Structures are given as structure tokens and as C-alpha cells.
1. Which count do you get for residues in segment 344-373 that are within 19 Å of E308 (Cβ to Cβ) and not in a strand (DSSP E or B)?
2. Tally up the residues in segment 533-556 that are among the small types (G, A, S) and open to solvent by 10 Å² or more (accessible area, probe 1.4 Å), please.
3. Kindly indicate which of N387, N449, N405 is at pLDDT 95 or above, of a type in the set (S, T, N, Q) and open to solvent by 30 Å² or more (accessible area, probe 1.4 Å).
4. Do we have any residue at all in segment 242-256 that's free of Cβ contacts under 8 Å to residues at least 40 places away in the same chain, under 24 Å from the mean Cα position of the chain (by Cα) and more than 14 Å from H340 (Cα to Cα)?
5. Would you check if there is a residue in segment 497-512 being under 22 Å from G406 (Cβ atoms) and open to solvent by less than 20 Å² (accessible area, probe 1.4 Å)?
6. Quick check, is L530 surrounded by 24 or more Cβ atoms within 10 Å (Cβ to Cβ), touching a residue at least 40 places away in the same chain (Cβ under 8 Å) and not aromatic (F, W, Y)?
7. Determine, yes or no, whether E431 is open to solvent by 50 Å² or more (accessible area, probe 1.4 Å), outside any helix (DSSP H, G or I), over 22 Å from P325 (Cβ atoms) and among the acidic types (D, E).
Amino acid sequence: MASLSFSSISRCLPQSTVTVSDKSSPRKDIVCSLAKGNFSRKRDARDLTVTNVASPQMPVIIPLPEKENFPRERNHVAWTSVRQERWEGELVVQGQIPLWLSGTYLRNGPGLWHIGDYNFRHLFDGYATLVKLNFENGRLIAGHRQIESEAYKAAKKNKKLCYREFSEVPKPDNFLSYIGDLANLFSGASLTDNANTGVIKLGDGRVVCLTETQKGSIIIDPNTLDTIGKFEYSDTLGGLIHSAHPIVTDSEFLTLLPDLVNPGYLVVRMEQGTNERKVIGRVSCRGGPAPGWVHSFPVTEHYVVVPEMSLRYCAQNLLRAEPTPLYKFEWHPDSKAFVHVMCKASGKLVASVEVPLYVTFHFINAYEEKDEDGRVTAIIADCCEHNADTTILDKLRLKNLRSFNGEDVLPDARVGRFRIPFDGSPYGKLEAALDPDEHGRGMDMCSINPTYLGKKYRYAYACGAQRPCNFPNTLTKVDLVEKKAKNWYEEGAVPSEPFFVARPGATEEDDGVVISMISQRNGDGYALLLDGSTFEEIARAKFPYGLPYGLHGCWVPNK
């Protein structure tokens, strides 16, 4: 049962007009201890009222399909291809959407895992499905659409895979075509532009979907979800890949470009309103035959933190027609693990330390630790750390996600806290920031209040676990000062990344709402709003059908 459970709403409701408050009504919750985390107990459905019902039936703008045109596997909807290419309509809201919440939450992620009769193997292979939730005056318009990448369009036209995805390689027709494919790999021509990982809003207002290949940078319209075209970098820095998670503010865009030939990373900046990346500096790798995978990285007010994991890019695995358990990477524990710190202003390396082995997809945040005179003595950097266990990658094969039988197979994870000293020490520390049992020993897909980017902060929002499970299945609010967590859980549900939106004018770090999208075991799904402070549910709105799991999102305020 859901921790905050409500009865479903019929799609046929009597016409009504309901006043929507700009504040959620105060509630008293009973809290029970589960493991060491706090889970809210089920509340009566009457606690949330149906609001914002504009017509007797949900006003669908893009109609539902008369006939289902997707494979009907008996799988959780989170791991099932999206039903149709696009849909848009107004959702019936149960509860109260704060009137101050005005804008569009965009979520990107793989949502189509088959072409014709061919089924993809890995979560990260799917063609990008972009979902929007537009909030205005307490109402909610939702929609989804496939991103029109060249890889997606070619697959639709030819009814087969045409570009190299995360674990998938097009099947060559003959030996000569195989040789040609290898040549295209080194030039980047055969790499996918399937922008299925994240979506960002640049300071000039452009909205770009991203993946780890540089060519997979695609501009979209946040209102219609139309694909506008490629985001073309105007510089000559070259390279094939970059971090899938750049640091984006109103004034700049920072990212890392791994150098696979001369192992290292370029740290680059792109100013608002331009397409030109400029080099801040370069970090040379200290170990291994290739740079460590750098899916994300953190920054502070004055420094860029460059992680060098022992999970390293592997050219040999890139050439393979069939995936290895580590896909495009290779585990080199003997090469050790490091964290480097570069000054944003000068491009100089100010610290480079060896740290315990680690595996992370996502850094949460970082900040500068200072002494009483205001001098920086260390950098604190937090991440979702998988206890140096690389098996998490193979756990994300679709056959593993679809075959959950009740066994507890999700590898443990924690909030890993690095301390990188500025005293010249060759070693840094990596420890758990709080007891992992607080969040069920699951930890990924994180967000913070963006006002605290690069600054000392207290709260993080992420996906945790209620075990047994094979994938993160809770939403968790982590208090890094009290070292406690609040958790939201619904049986059989798979929640996507919790995204925090601050209330305009807020003075408290957690004053806002947390947005997530939930895929349910019965094939349904809904948009969910939690109070950022209490972590209580304040509203939900059911989709006409369940949507596949998504990855990362961004907020686009209404003008």
C-alpha cells in the first residue's frame, strides 16, 4: 500500500469549480520507523480533494490510440515502451497545486526499447521520450513526445537499428560494411545522437536535450516538445563525448571533455548566448590506460571538481559487436581512483588526491570548507556512491529490470562524501554522509535547491529503496545536518527523479515542492507533488496511461 494513499479518480467527473489555495493545508501525519528511515503511513483518501476539474471528461488534445501499437509484454510499465509517439492533455488534479507553481517541468529519458520485432537490451539504449508537466493557476497540462534524433528517424524509416547505442550495435550486412562501421566509429559518424539522458535550460532560454555523445545535443521547444534541430558547437575543440550532466547557470555552462587519446579531461566553459566552448584548463589522468567515466561532476563557487574513477573508458569494448558486462567501460582497480580540483578563474590545478575506489553516476553537490579566517581548507563533494560495485551497470539490463521475483538484488548505495584537503596531502577521504539504512541502502537520481549549487547545503532529494527490490523504489529527502531521511513509498511503484522547485521568495532551503512521475505495477502512472519541507504528498494527477521510467529533468518558468 502507498505510504500516502488515495483512491483513483474516474475519468468522468461532474463539472465543478474549486478554489485552490496557494498553501497546502496543514496535516498531522503518523510516522512509523521502517529500517532506520521514516516512512509516512497511509492516510485517508478524503485528505485530498479533487480540484481543477474543468470538464466532465479529461480534455485530450492529442487523442489516445484506437489500437495499441506497441508490444504487450507482461512487464512493469516502467520498463515497457511508450504507447504512442505523442500525447497531450489536461490532467485531473487530486489535491492542491500551489498557485505560485508556474512553469513547465521537463523530463527526458529512454522510452522506446524496440524497433519492429527487435528488442533492445539495456535501459540506456531506448530512444528518447520527453515528458512535460505544465503548471499554471493550479491546473496541469501534461504531454509526451519522442525526440526526433537522426538515430530515431533512421530506425523508424529502416525498421532497424542504424546507429550505435549504449549497448546496441547495428548488424553489418557483410565484412566490408563492418570495416566501414569501424571507420565511422572512429570518426563519430556511427555514434548515436539519441539525446535520451538529460534536458537543460540555458541562460538564454534555449532548451537542450543531451546524452554522452556531443552530437546528441538537440534543441527542443519546451511548450510543444517539437524537435527544433541540432545544437551545434561553434568551436574547434572536437572530441566525441562529454559529461552528460553539465553545470548550467543563468550565466554559463561548464562541462568536461574526456580525452581518450591522451588520457585526461578538458574543463570548458560556454557563456550565455553562445555556442562556443572555451578551455579553462586540462587535467591529466593519474592512472589507467584511459580516463575514468565522467557521467557527472560537481562545482563549488570557485572550483571545478574533476572525478577520475577506476571505471574507465575502454576502446576495445567500444569495438565489440556484443556488449560486455561493463559495456563501453573496464574496471581497473589497480589504477586507483582520484579527485582533482581546478580553479575556475585561472585553470590551475589546486589539489589532486587519491581516494578510496568509488563508482558513481551522479554527484549531488559540492562546497568549500573554510577556516575561521575565511581561507578554503578543503572541498566537500557529495555523490550517489555504489560502494565501488560496478555490477550496477548490468543490473540495468532490461531483462533484469523486468524479471523481479521478490529477491533483494539492488546493490547497496550511499551518499558518499569526499573531503579533498588543500594542505598538499596526497590523500582525500570518502565516507558515508549518513547511515545508508536511513534511505534503505539505495541512493541515486538526486536534486537540490539550485540556489545552493556549489554552496554549503543541508537537503538533497533522491531515489532510495524499500527492500527487497531490484531498482530504487522510494523518494527520499536527506537531511545532511541531522543525518536523517524522510521517505515516500508506494508498493509496486517506480518513481523517477525527484525534482525540487523553490517557492518564489523562499528563505528556507526546503521551501518548495518536489515533482516526480510515478510508474505503477498495474500499468497506470501519475504525476506527484510533495511538500519540500514536510515531504507529505500535496497533489497527484493520473496520466491516461502509465509512462516508462525517465531519467533527468529541468524547470522552465512561465514567462
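1. Number of matching residues: 7.
2. 2
3. Answer to the check: N387.
4. Yes; the residues of segment 242-256 include at least one that is free of Cβ contacts under 8 Å to residues at least 40 places away in the same chain, under 24 Å from the mean Cα position of the chain (by Cα) and more than 14 Å from H340 (Cα to Cα).
5. no
6. In short, yes.
7. Criteria met by E431.
The rows are residues; the columns are (1) more than 25 Å from R414 (Cβ to Cβ); (2) out of contact with any helix residue (DSSP H, G or I) (no Cβ under 9 Å at 6 or more places or on another chain).
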position	(1), (2)
T274	yes, yes
R282	yes, yes
G292	no, no
E330	no, no
K336	no, yes
S346	yes, yes
V355	no, yes
F363	no, yes
K370	yes, yes
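The values are calculated or read from the model by the stated rules, or taken from the named source; none is laboratory data. Given the structure is predicted, the values throughout are model-derived calculations rather than measurements. In this analysis, Cβ positions are derived from the backbone assuming ideal geometry, glycine residues included, and neighbour counts consider all displayed protein chains. Keep in mind that these areas ignore ligands, DNA and RNA; they rest on the heavy atoms of the full protein, side chains included. Shrake-Rupley method; radii C 1.70, N 1.55, O 1.52, S 1.80 Å.
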